[in-house]
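Single-structure report; data block below.
The values are calculated or read from the model by the stated rules, or taken from the named source; none is laboratory data. Note that the structure is predicted; figures quoted are calculated from it, not measured. Because the Cβ atoms are built from the backbone with ideal geometry, glycine has one as well, and the counts that use them run over all protein chains shown. Side chains included, ligands, DNA and RNA excluded: accessible areas come from the protein's heavy atoms. Shrake-Rupley method; radii C 1.70, N 1.55, O 1.52, S 1.80 Å.
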Amino acid sequence: MNGIVIFIALIMFLWLGRSILIPLLVATFLWYLINATATYVRKVFPYNSDRLRIARPIASRTFDWISNILSVLAMCGLIYFFATQIQPMFRELLVALPELQHRFVQFSHYLSESLGIRFDASMIPNIANIATGIGASVANILTSTGMILVYMIFMFIEQSTFNKKITALIPNKSKYKKARYIIDSIDENMKKYLFMKTVLSGITGVLSYFWLQMIGVEFAGIWAFIVFITSYIPTIGAIVACALPILYSLVMAPSLQQPILTAIGLITLQIVFGNILEPKFTGKTLNLSTLAILINLVFWGMIWGIAGMFFSVPLLVAIFIITAQFDSTRWIAILLSADGKIPDKNEE
């Protein structure tokens, strides 16, 4: 009974506190992504081993700062690119939505006459309303930009003190080793997942843009950006990333050639990068059950909307690693796993 009460209280806390928790989660995601990028960039520079760090501390710290600065500049570059290139395209698409809705209705009438399938008006989705709903969700996050930046700044300022705080919080040596092992496992797996996911999603988005641009699909930049963003949402993200530009070209193109080419290109990219390369580069980070991922996706989507769907996998990875470290919760990790294999438990 107590467990049910605690679970309901937790759900209420997540729901009622979403206006504070979502910006905090976005800030944590960006902070983690920058740190993950800096970690991988740092491997390119010299003095990156523990032995060389001790031998050349000044040079090592200098390259650490260079890696951090390059990572921040890369993030700023992405934000600038969105503000100057992608955002104007979204405004153009919003202007074109009424015409797109009209074409969509015409296309449904054509299918009715050609295939004998009767389409009721209520069956045709209102694209303008869908776009408005998505725009409202994005706007809610954008209005919290100031809060997100404040969170990020303080995270960067205080991240050098995190280890000291953990040591002070857990004075018991054996418990500290246990906590340190869990934190390091989450940190290593999350950085690997976020960095590789972002790189592969970025490459998929860029290749999608060039393909759509080459075959003449309008608003190629928007569709490519959607491919990049939705790549963080498991299963459903890939469907949305492919379905939107395919549907758009199917309705707007004068022939079936462009929709077919759009489908071939985007689906091929999703298979190659999402199903082949991503598991290879992320290793066992996501040894998670597909059913568990989908249930987790629905759960966070119901509580936090699109933002919850976006962060559902990183949250599940953290839960997976934590539950694997305690005897009382290892059964949860086994159920969440794809094949019953879970991270080793630290016995120290």
Members of the range 57-73 that are of a type outside the set (Phe, Trp, Tyr) and open to solvent by 50 Å² or more (accessible area, probe 1.4 Å): Pro57, Ile58, Arg61, Thr62, Ile66, Asn68, Ile69, Leu70, Val72, Leu73
Total residues in the range 244-259, condition touching a helix residue (DSSP H, G or I) at 6+ places or on another chain (Cβ under 9 Å) and part of a helix (DSSP H, G or I): 11
Answer from Phe273, Phe299 - the residue that is over 13 Å from the mean Cα position of the chain (by Cα), more than 20 Å from Met196 (Cβ to Cβ) and at pLDDT 85 or above: Phe299
Filter result for the condition that a residue is of a type in the set (Ser, Thr, Tyr) and farther than 30 Å from Thr28 by Cβ, over Ser208, Ser201, Ser255: Ser255
In the range 289-306, the residues that are part of a helix (DSSP H, G or I), farther than 18 Å from Leu10 by Cα and touching a helix residue (DSSP H, G or I) at 6+ places or on another chain (Cβ under 7 Å): Ala292, Ile293, Ile306
Inter-residue pairs, beta-carbon under 8 Å, first more than 14 Å from Leu247 (Cβ to Cβ) and in a helix (DSSP H, G or I) and in the range 97-122, second modelled with pLDDT under 70 and open to solvent by less than 50 Å² (accessible area, probe 1.4 Å), 6+ apart: Pro98/Ala128
Some residue of the range 252-275 being surrounded by fewer than 19 Cβ atoms within 10 Å (Cβ to Cβ) and under 24 Å from Ile182 (Cα atoms): no
Selection from the range 172-216 of residues that are hydrophobic (A, V, I, L, M, F, W, C), open to solvent by 70 Å² or more (accessible area, probe 1.4 Å) and more than 16 Å from Gly274 (Cβ to Cβ): Phe210, Met214
Failed criterion for Pro171 (all others in (1) outside any loop (DSSP other than H, G, I, E, B); (2) more than 22 Å from Leu24 (Cβ to Cβ) hold): (1)
Looking only at the range 217-232, and only at residues there that are of a type in the set (A, V, I, L, M, F, W, C) and open to solvent by 20 Å² or more (accessible area, probe 1.4 Å), the one that is nearest to Leu200 (Cα to Cα): Phe228
Filtered residues of the range 288-340 (kept if of a type in the set (Val, Ile, Thr), open to solvent by 30 Å² or more (accessible area, probe 1.4 Å) and under 18 Å from Tyr232 (Cα atoms)): Thr290, Ile295, Val298, Ile306, Ile319
